[in-house]
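Notes follow once the structure below has been shown.
The values are calculated or read from the model by the stated rules, or taken from the named source; none is laboratory data. Note that this is a predicted model, so its numbers are computed, not measured. Neighbour counts run over all protein chains shown; Cβ positions are idealised from the backbone, glycine included. The area values use the complete protein model at the heavy-atom level, side chains included, leaving out ligands, DNA and RNA. Shrake-Rupley method; radii C 1.70, N 1.55, O 1.52, S 1.80 Å.
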Amino acid sequence: MLMDAQTYDDEAINVNAPVYAYYAVRILEKTGIYRGVCLDVGCGGGYLGLALAPISELSFIFLDQSADMLGCAEKNIARFALRDRAQIVQAPVQNIPLADSSVELIVSRGSVPFWDKLETAFAELHRVLKPGGRAYIGGGMGPPGLWDSLQQKARHFEPRRGYRKPAIPRRERGVYEQALGTAGIRGFSVSHSDDGTWIEFGKAVGSAGHNR
Ligand SMILES: C[S@@+](CC[C@H](N)C(=O)[O-])C[C@H]1O[C@@H](n2cnc3c(N)ncnc32)[C@H](O)[C@@H]1O
């Protein structure tokens, strides 16, 4: 992690919530999936799922490999009264303990840059996706200027707060495209724009298990 789990959680909940809200709206608009099971991968404290919950009827599986971050997710799920719509799974994205074709929507923000064995990760995500389901995976700080202005405002009210632009590793678009292709996923898109890098793919109706 870039910082300890508690500090990350504090910033995500108290400062950066509008960033997650921005992506949550876009995910629903782009995928059109408002109900069913949503898997939030590398969820940290669950911020993207927490932003999707009030604007959808989705239920959530929050998956992360870090016990510390999932501790934050558990606390946030209780705080946002989401216990009856949420479960927590500790696992790496490369080995997801869920059945084939079990989730309607996969979302992930800020985690894919840290994944190794990318082809395995994408194949696993495709495996657990239901036919007709969509995946929206990537990272960004919201529209240009939002994250900076949130951080500056937070520093104004709490001057001891450091101002750190996270040093997130960047991968070229081609690295993702190659891994998606190797995983056998068809019809994906990878976009780089001023609000981040986002990968989209679906699972064709009529396919099951490892079929693409
Ligand atoms: C920068 S944090 C992003 C957290 C949250 N999604 C957000 O947008 O703020 C990256 C998260 O990805 C998780 N992560 C990294 N590699 C992972 C992997 N291979 N499998 C599952 N989780 C992973 C980390 O434990 C961490 O919680």
When the stretch 28-51 is checked residue by residue, the ones that are assigned to a helix (DSSP H, G or I) and within 12 Å of the ligand (Cβ to nearest atom) are 47, 48, 49, 50, 51
Residue 105 fails exactly one of (1) of a type outside the set (Val, Ile, Thr); (2) more than 12 Å from the ligand (Cβ to nearest atom); (3) open to solvent by less than 40 Å² (accessible area, probe 1.4 Å); (4) more than 14 Å from the chain's Cα centre (by Cα), namely (4)
Cβ-Cβ under 9 Å, sequence separation 6+ or interchain: first residue in the stretch 53-81 and among the acidic types (Asp, Glu), partner modelled with pLDDT under 95 and part of a helix (DSSP H, G or I). Which pairs? 68/5; 68/6
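Suppose the filter is open to solvent by 40 Å² or more (accessible area, probe 1.4 Å), assigned to a loop (DSSP other than H, G, I, E, B) and within 15 Å of residue 111 (Cβ to Cβ); does residue 97 pass it?
It is false that residue 97 is open to solvent by 40 Å² or more (accessible area, probe 1.4 Å), assigned to a loop (DSSP other than H, G, I, E, B) and within 15 Å of residue 111 (Cβ to Cβ).
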Where the second residue is among the polar types (S, T, N, Q) and part of a loop (DSSP other than H, G, I, E, B) and the first is open to solvent by less than 10 Å² (accessible area, probe 1.4 Å) and lies in the stretch 8-26, which pairs have Cβ atoms under 9 Å and are six or more apart or on separate chains? 24/56
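What residue, of 187, 196, is on the phi > 0 side of the Ramachandran plot, in contact with a strand residue (DSSP E or B) (Cβ under 8 Å, 6 or more places away or on another chain) and exposed (fewer than 12 other Cβ atoms within 10 Å of the Cβ)? Give the steps one after another, and end with the answer.
Working: 196 fails: exposed (fewer than 12 other Cβ atoms within 10 Å of the Cβ).
Sole residue among the options that is on the phi > 0 side of the Ramachandran plot, in contact with a strand residue (DSSP E or B) (Cβ under 8 Å, 6 or more places away or on another chain) and exposed (fewer than 12 other Cβ atoms within 10 Å of the Cβ): 187.
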Looking at the structure I just gave you, is residue 121 open to solvent by less than 20 Å² (accessible area, probe 1.4 Å), of a type outside the set (S, T, N, Q) and within 11 Å of the ligand (Cβ to nearest atom)? yes
Out of the residues in the stretch 124-139 meeting the condition of being in a strand (DSSP E or B) and under 16 Å from the mean Cα position of the chain (by Cα), tell me which one is surrounded by the fewest Cβ atoms within 10 Å (Cβ to Cβ). 134
Scanning the stretch 60-94 for residues that are in a loop (DSSP other than H, G, I, E, B) and within 9 Å of the ligand (Cβ to nearest atom), the one nearest to the chain's Cα centre (by Cα) turns out to be 93
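Would you mind finding the one in 187, 174, 142, 181 that is free of Cβ contacts under 8 Å to residues at least 40 places away in the same chain, of a type in the set (Gly, Ala, Ser) and part of a loop (DSSP other than H, G, I, E, B)?
So the residue among 187, 174, 142, 181 that is free of Cβ contacts under 8 Å to residues at least 40 places away in the same chain, of a type in the set (Gly, Ala, Ser) and part of a loop (DSSP other than H, G, I, E, B) is 187.
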Give the stretch 44-57 a look and list any residue that's of a type outside the set (Gly, Ala, Ser) and open to solvent by 10 Å² or more (accessible area, probe 1.4 Å), or say none. 47, 50, 54, 55, 57
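Consider residue 64 carefully, then state whether it is surrounded by fewer than 21 Cβ atoms within 10 Å (Cβ to Cβ), charged (D, E, K, R) and touching a helix residue (DSSP H, G or I) at 6+ places or on another chain (Cβ under 6 Å).
Numbers: surrounded by fewer than 21 Cβ atoms within 10 Å (Cβ to Cβ): no; charged (D, E, K, R): yes; touching a helix residue (DSSP H, G or I) at 6+ places or on another chain (Cβ under 6 Å): yes.
When the stated conditions are applied, residue 64 does not pass them.
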